[in-house]
Amino acid sequence: MKERAIQRQILVALSKEFHGRGMFWQNDTGAAKSMDGKRVIRFGCPGSPDILGCLDGRWIGIEVKTATGKQRDTQRNFQRAIEACGGLYAVARSAEQAVEILRAL
């Protein structure tokens, strides 16, 4: 399964499991060509997690990976920054794993 499909499953599971306690949203980063094709437009913050949110007042970042996916250096740096500020950063490979991680808070 591709990361984008896992990401969608996680967002649905989190919205059901933690309804009323938090909110979560997709956080895209990357680049795209302008409509005229002459420019590249970059968006998002490199290394930021795929899913952002807040649960019971705590900042959450979830990096979505496939079974064999690995964090890049920019993602590990972002993880350290989030954790230094008291937030939770997690790598999740399935919706069940993401829910389990957040239930443990």
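Read-outs throughout are calculated quantities, based only on the coordinates presented, and are distinct from any laboratory measurement. Only a predicted model underlies this, so the values are computations on that prediction, with no experimental measurement involved. Because the Cβ atoms are built from the backbone with ideal geometry, glycine has one as well, and the counts that use them run over all protein chains shown.
In whole percent, what relative contact order does the chain give with Cα contacts below 8 Å and a gap of six or more residues?
Details: 165 pairs, mean separation 30.5, N = 105.
Relative contact order of the chain: 29 percent.
Less than 21 Å apart at the alpha-carbon level, and either on another chain or at least 8 residues along: which lysines does that give for K2?
Within the straight-line cut-off, K2 pairs with K65, K70.
For region 1-78, what is the convex hull volume of its Cα atoms per residue in Å³? If you can, show how the numbers build up before the last one.
Working: hull volume 9.8 nm³, N = 78.
That works out to 126 Å³ per residue.
Once you place label points 7 Å from the Cα toward the Cβ at K38 and K2, how far apart are they in nm?
Simple spin-label model gives 3.1 nm for this pair.
In region 62-105, which trypsin sites (Lys or Arg not before Pro) fall in coil by DSSP and have 10 or fewer other Cβ atoms within 10 Å? Mind showing how you got there, number by number?
Values: sites: K65, K70, R72, R76, R80, R93, R103; in loops: K65, K70, R72, R93.
Sites meeting the loop and neighbour criteria: K70.
In the chain, which whole DSSP H runs stretch at least 18 Å along their own axis (Cα) and average -1.0 or higher on the Kyte-Doolittle scale? Mind dumping the intermediate values first?
Working: long enough: 3-17 (21 Å, -0.22).
TM-like helix candidates: 3-17.
Report the label-to-label distance for R103 and K16 in nanometres (one decimal), using points 7 Å from each Cα along the Cα→Cβ vector.
According to this spin-label approximation, the distance is 1.3 nm.
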